[in-house]
Amino acid sequence: MHGIKKWFGTFQAVDDVTLEIRSNEFFTLLGPSGCGKTTLLRMIAGFELPTEGQVLLDGTDISRLLPNQRPVNTVFQNYALFPHLTVAENIGFGLKMLGKPKSEIDSVVKDMLKLVHLEGRGNNPVTQLSGGQQQRVALARALAPRPKVLLLDEPLSALDLKLRKSMQMELKRLQLETGITFVFVTHDQEEALTMSDRIAVMSTGTVRQVGSPWDIYDRPAERFVADFIGETNFLEADVVSVSGDRARVRLSSGAEISATYPDGVTPKGKVTIVVRPEHARLGPPGSGVLEGVLDDIVYLGTDNHFHVKVDGGGTFIVRQQNAKSGPCGFSEQERVSIAINDDVAQILRD
Amino acid sequence: MAKTFSIKRQPGFATIAMFCFFLLYLPIATLVVYSFNSGSSIAIWEGFSLRWFQSAWNNQQVIEASVRSLQIAAVAAVIATACATLAAIATTRTAPYRGLTIKYSIINMPLLVPEIVTAVALLILFSRVKVWTGYSGLGYLIVAHAAFCIPFAYMPIRARLESMDLSLERAASDLYASSFQTFRYVTLPLLWPGILAGLMLAFVISLDDVVITEFVKSGGQDTLPTYMLGQLRRVVTPEMNAISTVFLVISLAIVTLFFFLSRTPQKDNE
Ligand SMILES: Nc1ncnc2c1ncn2[C@@H]1O[C@H](COP(=O)(O)OP(=O)(O)O)[C@@H](O)[C@H]1O
Ligand SMILES: [Mg+2]
């Protein structure tokens with residue numbers, strides 16, 4: 001996708017998005033509701049034309065083609081199964097429209113039913129299936145014509161938590177087995193992190209960062225990305241020196257730590273750094289880089305969250321796993337010190 | 001005591017309601033009862049018999065008028081429904097634009113224009129056409145009926161189209177269906193109940209028409225309603241009641257079917 005812009009009247013829903021999606025990858029568009037994910041997807045499918053810019057598929061411009069002329073299929077958020085057709089007829093619909101012979105359609109439909117674990121359900125009316133089963137029919141229907149790209153718009157949001165988890169694994173498996181490029185839309189960061197090869201984080205019509213789940217989580221380039229994904233501590237710091245891909249920064253306490261920084265940025269002066277709560281440890285006063293008072297302990301079963309009031313202002317959250325059962329060894333209002341692991345801090349672009 | 005207003009608790013509500021039902025259905029009930037009268041009065045009950053049904057059945061004029069009514073209604077309803085279907089698709093499957101409301105109004109206009117005006121207009125138009133072409137068959141009545149049936153056929157079809165999930169048509173085009181294929185394999189099958197409902201409504205409306213038919217028909221082209229009107233001017237026997245009762249039963253049957261077909265399918269989204 002190149003320089004995509006989309007206006008609805010005077011409202012700009014997508015602003016200059018350029019993205020390269022590789023073949024055979026599981027690519028996710030992640031962002032809060034209303035940021036333009038669906039609009040972007042609809043422009044790939046052909047339901048919406050970009051006001052400016054191009055959609056290229058293997059180098060050919062498809063941005064002005066009708067939906068039925070694009071080798072791209074969609075799994076709709078509400079499934080949009082044809083209620084007057086059976087499961088098999090739904091799955092075979094695309095191939096039938098392409099004018100494929102009946103024998104070929106039948107064999108593909110059979111394979112598809114097997115792929116999505118719905119053997120023997122071919123002759124059922126789709127209206128009699130459960131939500132999860134309808135979801136799998138929608139997937140099979142979109143995969144049957146073997147599109148170059150499969151588009152999925154929040155396909156799991158209507159399912160309950162348990163079913164959602166198993167469908168996540170299922171989707172990943174289908175993507176690996178079929179080798180088809182998946183473009184997946186979600187506002188659920190956990191879903192994005194578990195399933196994707198690469199993620200594009202979006203906000204108000206623009207792409208903020210593209211990268212692997214690890215990049216997005218551990219090396220966020222800016223505040224929006226760091227904040228949107230997981231829990232994070234933001235700290236003010238001064239850059240002391242830069243060498244290679246690391247910089248040394250001085251915290252408000254005077255202690256120095258090393259931090260990474262995003263591409264295309266030369267850190268200098270005052271910067272904001274991020275540290276994930278699980279990348280810090282709590283210790284007795286004087287053992288770490290930040291000193292403070294333990295304000296609150298939140299017990300979460302698998303972990304404890306320690307809210308520390310840092311000397312000089314601000315709260316820092318430390319997350320520690322409960323490896324052993326029993327008390328955590330700290331008590332509220334106690335003075336503590338926070339140690340930050342090596343190479344976990346990341347400097348944000350301003 | 002803060003109770004919300006309920007019409008049901010107002011004094012006299014039940015009485016008024018009962019009175020209205022009474023007024024609506026008493027004449028019809030009387031008509032049906034007397035169609036089984038064995039005497040030849042429509043006011044004095046002399047015992048149960050089917051003789052008037054038999055007499056109507058043996059009345060050549062009644063049979064001819066009925067057949068003509070059914071022919072006209074069948075052909076006119078098909079034409080009206082075809083036009084209404086196209087009109088409904090054109091008005092619902094398009095982005096809203098200025099002038100769309102005017103189009104709705106034009107389609108529904110015949111519902112508002114006094115029937116007598118339409119009748120006179122058609123009379124004048126058709127008398128010209130008759131002179132030009134020399135044709136004086138049932139065609140005029142069929143065209144006239146088709147014309148005023150269009151808005152009735154249009155209503156259920158449009159309702160069905162508007163309640164249809166647009167993403168189904170989108171899904172079809174996503175799955176390589178051309179716009180014709182989308183219509184043929186998705187829209188039309190889902191629209192079918194609406195089309196049938198429109199067809200039946202148009203049929204009943206056409207069957208029932210007096211005013212326009214009276215103006216447009218040539219000699220010897222009586223439909224059942226105009227025939228009955230003619231008879232009523234002379235002598236009234238329970239034969240009229242018998243014919244009306246049969247008419248009523250047929251209409252009720254069709255309207256009941258219409259009701260079941262036009263109900264929105266509730267199982268679709270489960
Ligand atoms: N057809 C449309 N007309 C006008 N505004 C639209 C239309 N479709 C989407 N929008 C607006 O564009 C913005 C992005 O929408 P969308 O792509 O659906 O966001 P997301 O899928 O990320 O929640 C929203 O503010 C929405 O109101
Ligand atoms: Mg959306």
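Computed quantities for the displayed model
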| item | result |
| --- | --- |
| Filter pass, A:Leu41 being within 16 Å of ligand 2 (Cβ to nearest atom), within 14 Å of chain B (Cβ to nearest Cβ) and in contact with a Ser or Thr (Cβ under 9 Å, 6 or more places away or on another chain) | yes |
| Complete set of residues in region B:227-256 that are more than 13 Å from the chain's Cα centre (by Cα) and either more than 26 Å from B:Ser49 (Cβ to Cβ) or loosely packed, with under 14 Cβ neighbours inside 10 Å (or both) | B:Gly230, B:Leu232, B:Arg233, B:Arg234, B:Val235, B:Val249 |
| Matching residues, region A:308-334, being surrounded by 15 or more Cβ atoms within 10 Å (Cβ to Cβ), under 27 Å from the mean Cα position of the chain (by Cα) and either assigned to a loop (DSSP other than H, G, I, E, B) or not β-branched (Val, Ile, Thr) (or both) | A:Phe316, A:Arg319, A:Gln320 |
| Inter-residue pairs, beta-carbon under 6 Å, first assigned by TED's automatic domain parsing to the domain that holds A:Ile62 and in region A:27-48, second of a type in the set (Asp, Glu) and within 9 Å of ligand 2 (Cβ to nearest atom), 6+ apart | A:Thr38/A:Asp153; A:Leu41/A:Asp153 |
| Region A:61-87, residues that are without any contact (Cβ under 8 Å) to a residue 40 or more places away in the chain and within 14 Å of A:Val149 (Cα to Cα) | A:Ile62, A:Pro67, A:Asn68, A:Gln69, A:Arg70 |
| Residue match in region A:237-254 (condition: within 18 Å of A:Asp311 (Cβ to Cβ), among the basic types (Lys, Arg) and either surrounded by 14 or more Cβ atoms within 10 Å (Cβ to Cβ) or out of contact with any helix residue (DSSP H, G or I) (no Cβ under 9 Å at 6 or more places or on another chain) (or both)) | yes |
| Matching residues, region A:152-190, being among the acidic types (Asp, Glu), more than 14 Å from chain B (Cβ to nearest Cβ) and within 14 Å of ligand 2 (Cβ to nearest atom) | A:Asp188 |
| Sole exception among (1) more than 24 Å from the chain's Cα centre (by Cα); (2) within 14 Å of chain A (Cβ to nearest Cβ) for B:Arg160, by number | (1) |
| Breaking point among (1) at pLDDT 90 or above; (2) more than 14 Å from chain B (Cβ to nearest Cβ), for A:Val137 | (2) |
| Meets criteria (modelled with pLDDT under 80, assigned to a helix (DSSP H, G or I) and away from every other protein chain (no Cβ under 14 Å)) for B:Leu261 | yes |
| Qualifying residues in region A:17-48 (those that are within 15 Å of ligand 1 (Cβ to nearest atom) and charged (D, E, K, R)) - the one modelled with the lowest pLDDT | A:Glu48 |
| Residue within region A:220-228 that is at negative phi and part of a strand (DSSP E or B) present | no |
| For A:Ala144: the one exception among (1) within 24 Å of A:Lys100 (Cα to Cα); (2) within 16 Å of ligand 2 (Cβ to nearest atom) | (2) |
| Single condition A:Thr38 does not satisfy, out of (1) in a loop (DSSP other than H, G, I, E, B); (2) closer than 27 Å to A:Asp215 by Cβ | (1) |
| Test: residue in region A:182-203 that is more than 13 Å from the chain's Cα centre (by Cα), surrounded by fewer than 22 Cβ atoms within 10 Å (Cβ to Cβ) and under 21 Å from A:Arg42 (Cα atoms) | no |
| The one condition in (1) in a loop (DSSP other than H, G, I, E, B); (2) over 30 Å from A:Lys100 (Cβ atoms) that B:Tyr176 fails to fulfil | (2) |
| Residue check, A:Gly53 more than 13 Å from A:Leu152 (Cβ to Cβ), away from chain B (no Cβ under 14 Å) and within 12 Å of ligand 2 (Cβ to nearest atom) | no |
| Tally of residues being within 34 Å of the chain's Cα centre (by Cα) and surrounded by 13 or more Cβ atoms within 10 Å (Cβ to Cβ) across region A:292-307 | 9 |
| Matching residues, region B:163-180, being at the interface with chain A (Cβ under 8 Å from one of its Cβ atoms) and not basic (Lys, Arg) | B:Asp165, B:Ser167, B:Leu168, B:Ala171, B:Ala172, B:Ser173, B:Asp174, B:Leu175, B:Tyr176, B:Ala177, B:Ser178 |
| Search result, residues across region A:133-155 that are over 19 Å from A:Leu85 (Cβ atoms) and more than 16 Å from ligand 1 (Cβ to nearest atom) | A:Arg146, A:Pro147, A:Lys148, A:Val149, A:Leu150 |
| Any hit, region B:154-166, residues being in a helix (DSSP H, G or I) and either within 22 Å of A:Ala138 (Cα to Cα) or free of Cβ contacts under 8 Å to residues at least 12 places away in the same chain (or both) | yes |
| Filter pass, A:Glu278 being surrounded by fewer than 16 Cβ atoms within 10 Å (Cβ to Cβ) and touching a Lys or Arg at 6+ places or on another chain (Cβ under 7 Å) | no |
| Test for A:Val137: is it away from ligand 2 (no atom under 14 Å from the Cβ), surrounded by fewer than 22 Cβ atoms within 10 Å (Cβ to Cβ), touching a residue at least 24 places away in the same chain (Cβ under 8 Å) and in the same structural domain as A:Gln77 (by TED's automatic domain parsing) | no |
| Selected residue (only one of B:Thr118, B:Thr81, B:Thr101, B:Thr94 is in a loop (DSSP other than H, G, I, E, B) and of a type in the set (Ser, Thr, Tyr)) | B:Thr94 |
| Residue within region A:204-227 that is surrounded by fewer than 22 Cβ atoms within 10 Å (Cβ to Cβ), within 26 Å of A:Thr39 (Cβ to Cβ), within 16 Å of ligand 2 (Cβ to nearest atom) and among the charged types (D, E, K, R) present | no |
| Test: residue in region B:192-202 that is aromatic (Phe, Trp, Tyr) and within 14 Å of another protein chain (Cβ to nearest Cβ) | yes |
| Test: residue in region A:13-29 that is part of a loop (DSSP other than H, G, I, E, B), crowded, with 17+ Cβ neighbours inside 10 Å, of a type in the set (Gly, Ala, Ser) and within 15 Å of ligand 2 (Cβ to nearest atom) | no |
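The values are calculated or read from the model by the stated rules, or taken from the named source; none is laboratory data. Keep in mind the model is a prediction, meaning the values are calculated, not measured. When we count neighbours, we look across all protein chains shown, and the Cβ atoms used for this are built from the backbone with ideal geometry, even at glycine.
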